[in-house]
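Here is the structure we will look at, set down as C-alpha cells.
The values are calculated or read from the model by the stated rules, or taken from the named source; none is laboratory data. Note that the structure is a prediction, hence the values are computed from the model and not measured. Cβ: placed from backbone, ideal geometry, glycine included. Neighbour counts: every protein chain shown.
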Amino acid sequence: MRLSYVSVLTLALCVLSFASPSTAGERSGLKGSEKFIDSLVAVMTVEEKAGQLTQYSAQWQGLGSGGRLSPEQAEQIRQGKIGSLLNLLGAEQTRSVQRMAVEESRLKIPLMFGYDVVHGYRTVFPIPLAEASTWDPAAVELSTRVAATEAAASGIHWTFAPMVDIARDPRWGRIAEGSGEDPYLGSVMAAARVRGFQGDGPGTPTSIIACAKHFAAYGGAEGGRDYNTVDISERTLRETYLPPFEAAARAGAWTFMASFNEIGGVPSTANRFLLTEILRGEWKFEGFVVSDWGSVTELRQHGIAGTQAEAALAGILAGTDMDMEGSCYRDGIPQLVKEGKLPMSVVDEAVRRVLKIKARAGLFEDPYRYCDTAREKAAILAPAHRASAREVARKSIVLLKNDRSILPLLKNLGCIAVIGALADSGNDCLGPWAGAGRGEDAVTLLAGIKAAVSPETHLVYEQGCDVTGISTAGFSAAVNAARGADAVILVLGESASMSGEAKSRSSIELPGVQQQLLEAVHAVGKPTVLVLMNGRPLAIPWAAEHVGAILETWFLGVETGHALGDVLFGDVSPGGKLPVSFPRATGQIPIHYNHKQTGRPSQDTVLWTSKYLDLPTTPLYSFGYGLSYTTFAYSNLTLSSSTFPASDTMVVTVTVRNTGSHRGDEIAQLYIQDPVASITRPVRELRGFKRVTLAAGEAQTVTFPLTRGALAFYGLDMKKIVEPGLFRVYVGGNPVQTLTADFTLQH
Ligand code: GLC
C-alpha cells in the first residue's frame, strides 16, 4: 500500500491528534518532535524499522568519485529497507536517490547520506595527525568547518569522523587518522572537530553530523596490526582511550561508530558495557551508534555469534543501532521479533534514535536541503578554502632539526636539487582518507618550490628511486643533481596508501631503498634538507645523526607545495610540535611520553634498570617536541598558590620570550606529575597548552588554569578520585626541557 507524503503526515497528525491535542509550538516543530516520531514509528512495519537501521554503501567507483546505486539497492530503498547510504556523492546524485525514498516509498522517510569526510571533502587539508601537530584547536575547527561546508553542499548529511583513537604504536596505519598518543591533546582535538563539523547545529545549511570513531580502544591492537585483539585493563581503557570519546560526546557529537576490535574478549559492536553503560549511562549520549563496515556480521568471525540473526541480536541488545554494510539487521530483526527473541521495544528505541537525528538534521522538513548544485559549485575548492588549507598546512609542519641554520633557504640560490618521488606526486600529498579529493587538485612540493624561488634559481628534479621499489638505477642521476646544486631538498617517506585502514607495517624504517638514496645524496656534502612525507612516525636514527635539517610534514593536502614553500624559504617559521613520539627503532614500540616510572626507572648506564642493551630508552624525538627558526626562553613560572585552593582552580603562569631574530610560534605546554598516589601515575601528564606567536624579542605571559579535575585518576575501585599530597608542575616547549614548581593538595 503506497501512501503519499501528505497522507503519511496526515496519518501521523491523525494519530497525534487522537493521542493528544498538540500545541501550536509542537505542531510547528512537529517534524522534529518526539510525538511526530512516535506517531511515525507507530505505523511502521518491522521490516521498515529494520530498514531504518540498515546502511549500505553505493558501489565504489574509486578515490574522489563516489559510488553508484545498484538496481537492487534502488528497489530496497523503495521498499523502505534501507535508511542510509554511504559513498554516494554530489548534490544531483543524492537528490535523485533521495527522491526514491521520499516520493516512492510507503512512508517517505528521508535517507541519510554518510561519507568519510575526515580531513577535508574536496579541499583536502593535512591528515589529522598533521593537524594535531598544530596544537591549535582553532585551526582544526577551521579545517573541519570548511570540510563540512563543502560536504553539505554536495548532499552529505553525515561524516564518519572525527576519528579519535589514541595510538601509541606507529606500526598501526590508522595512527595517521587520529591525534596521536595523548588523551588530553586528543580530547581537545576531538571536541574541536565535532564543533567544526556540526557548526551552527542541527539542520543549519553547513552542519554535518559528526561521528566519533572507532569506539573504542581500536588503536590498542596487539602488534600494531589493524583489526587485531585489544586486551587492556579497564583503567587503561578509561584513562587512555576513552577521554577523547567523552570529549566528543560532551561537544555534542550526534553519532558514534563502534570499532572492529574486541576488548578483553568482547567485540565493541556487541559490547553493552561500552555502548550502553558508559556511552549512554555515564555520558548521557542521546544520539545513535552505527557499526563499522560489516562489524555486526563479523561478530560471527569473532566467534560470539553463530548466525546472522544471532549477530543482529548481540549488536542491537548491546547498543549498536545501525548495521553498516550488512544485512544482519535488515533480515535478522524481523525474524528475531517474530520468534520472540527480540522485544519490539528495543527495535523501536533504536529506530527512534535514528529518526530523531534525521529530524534534528532537518531532513523531514526539507529532504533536499543539501542537494543544491549551485551551492555545491560555489563551495567546492573555493579560493578561501584553499587559503585555509594552506594556513593549516603551514602550522602542521614540525622542524625536527636545523643544524647551522641551514633553513630557511635563500629564494635566490643559483641551483636547488629536488630529489624524491613524493616531491612530484599530487595523490600522495592528499594522504589516506582523502574524501572526494583528487590528486590533480594538489600543489606538489616541486610545484610549490618553483612558485617560491626567484626566476633565476635553477631547479633540478630527480626521482632517485620509488617509495617502495628496490631499484637504485636512479641514484646516479640524483647524486649528480646534488653535485651541481647549492642546496638539496630530499623528499622521503611513505606513499599515501601506506597508512590508513589495513595498512600496518611490521617495521617503521624508511621503505624501499630510500635510506640508501639518503646516504648516497648526503655523501655529496651539500647543504641538505630532508622533508618527510609520511602517515606515521618513522625510525630515522641515521638521518637524525647525519642530515643537517629535517622537516616532518606528514601529508599536508591540496596546498602541500605552497605551505612547504612558505616554510622552506622563510616566509613562515615552522611552529608545529609532535603529537606522537618517534621511536629510534621498531623494537622500541610502544613508546610514549606519559609512561609509568616502574620500580626500576630507566637509566641507560645502570644495569639493573628498565632498558635495552642496544638502544637508549628515550625516543628519537619526544611527544611535544618541535623547533623553530627562532628560539624561546621560559621564565617566571608561578603558581597562584603553593597549596591547591578550595576554589578548585589553580592558575599557573609563565613568561615566554622570543630570544631569536625570527618571528615564530611557540607551543607552551603544561604537564603535571603525581609522584605518590594509591595508583601508579605517569611521569608526565599533559594538562594544558597554548600556541603563541611572538615577534623577535617579544615576551608574553601565558596562563594555564589547572582544575581539581585535572588531578583526578581512577582509584582501586575504578571511581575517579583526587588524592591529597604533593604535585609537580612542568612548563616548557616540550615535556623534557621545562621549568618546574610544586604544590600541595591538602584534602
Ligand atoms: C571503514 C572504516 C571506517 C569508515 C567506514 C566507512 O572500514 O573502518 O573508519 O568510516 O568503513 O567507510
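Among the residues of region 701-713, those that are crowded, with 16+ Cβ neighbours inside 10 Å and touching a strand residue (DSSP E or B) at 6+ places or on another chain (Cβ under 6 Å) comprise VAL702, PHE704, LEU706, ALA710.
Based on what the data block shows, is GLU222 surrounded by fewer than 24 Cβ atoms within 10 Å (Cβ to Cβ), more than 16 Å from the ligand (Cβ to nearest atom) and either modelled with pLDDT of 95 or more or in the same structural domain as PHE285 (by TED's automatic domain parsing) (or both)? Yes, satisfied. Restrict the check to region 128-138 and report whether at least one residue is of a type in the set (Phe, Trp, Tyr), modelled with pLDDT of 95 or more and outside the structural domain of VAL347 (by TED's automatic domain parsing). Looking for residues that are of a type in the set (Phe, Trp, Tyr), modelled with pLDDT of 95 or more and outside the structural domain of VAL347 (by TED's automatic domain parsing), one finds at least one in region 128-138, hence yes. Close Cβ contacts (under 7 Å, 6 or more residues apart or on different chains) running from residues in region 671-699 that are not assigned by TED's automatic domain parsing to the domain that holds VAL654 and surrounded by fewer than 17 Cβ atoms within 10 Å (Cβ to Cβ) to residues that are assigned to a loop (DSSP other than H, G, I, E, B) and not polar (S, T, N, Q) are absent. Considering only region 369-386, I want to know if a residue exists there that is in the same structural domain as ILE449 (by TED's automatic domain parsing), without any contact (Cβ under 8 Å) to a residue 40 or more places away in the chain and over 24 Å from the mean Cα position of the chain (by Cα). No, the conditions are met nowhere in region 369-386.
For region 113-147, the set of residues classified as more than 15 Å from the ligand (Cβ to nearest atom) and among the aromatic types (Phe, Trp, Tyr) consists of PHE125, TRP135, listed by residue number.
Taking the numbered list (1) crowded, with 22+ Cβ neighbours inside 10 Å; (2) in the same structural domain as ASP717 (by TED's automatic domain parsing); (3) modelled with pLDDT of 95 or more in turn, LEU620 passes all entries but (2). Among residues of region 718-747 that are of a type in the set (Val, Ile, Thr) and surrounded by 12 or more Cβ atoms within 10 Å (Cβ to Cβ), those with a Cβ under 6 angstrom from a residue that is in a strand (DSSP E or B) and modelled with pLDDT under 95, sequence gap 6+ or separate chain, pair up as THR744/THR643.
Filtering region 81-95 to residues that are of a type outside the set (Val, Ile, Thr), closer than 16 Å to LEU363 by Cβ and away from the ligand (no atom under 16 Å from the Cβ) leaves ALA91, ARG95.
Checking each residue of region 583-605 against the condition of being aromatic (Phe, Trp, Tyr) and in a loop (DSSP other than H, G, I, E, B) gives at least one match.
Residues are listed down the side, and each one gets a yes or a no for (1) surrounded by fewer than 24 Cβ atoms within 10 Å (Cβ to Cβ); (2) touching a residue at least 12 places away in the same chain (Cβ under 8 Å); (3) of a type in the set (Lys, Arg):
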{"site": "PRO537", "(1), (2), (3)": "no, yes, no"}
{"site": "GLY557", "(1), (2), (3)": "no, yes, no"}
{"site": "GLN603", "(1), (2), (3)": "yes, no, no"}
{"site": "PRO616", "(1), (2), (3)": "yes, yes, no"}
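Listed by first and then second residue, the pairs linking a residue in region 169-186 that is outside the structural domain of GLY500 (by TED's automatic domain parsing) to a residue that is among the hydroxyl-bearing types (Ser, Thr, Tyr) and away from the ligand (no atom under 16 Å from the Cβ), with Cβ atoms under 6 Å apart and 6 or more places separating them unless they lie on different chains, are PRO183/THR240.
Of all residues in region 334-362, those that are modelled with pLDDT of 95 or more and either in a loop (DSSP other than H, G, I, E, B) or over 33 Å from the mean Cα position of the chain (by Cα) (or both) total 12. Of all residues in region 288-310, one or more are in contact (Cβ under 8 Å) with a residue 60 or more places away in the chain, within 26 Å of LYS719 (Cα to Cα) and within 16 Å of the ligand (Cβ to nearest atom). The set of residues in region 280-318 being in a loop (DSSP other than H, G, I, E, B), out of contact with any Cys (no Cβ under 7 Å at 6 or more places or on another chain) and under 19 Å from MET112 (Cβ atoms) consists of PHE285, GLU286, GLY287, SER291, ASP292, TRP293, GLY294, SER295. Can you name the residue in region 311-326 that is buried (at least 18 other Cβ atoms within 10 Å of the Cβ) and not hydrophobic (A, V, I, L, M, F, W, C) and is also farthest from the ligand (Cβ to nearest atom) among such residues? In this case the residue turns out to be GLY319. If only residues of region 164-197 that are closer than 30 Å to THR373 by Cβ and among the hydrophobic types (A, V, I, L, M, F, W, C) are counted, the one that is surrounded by the fewest Cβ atoms within 10 Å (Cβ to Cβ) is VAL194.
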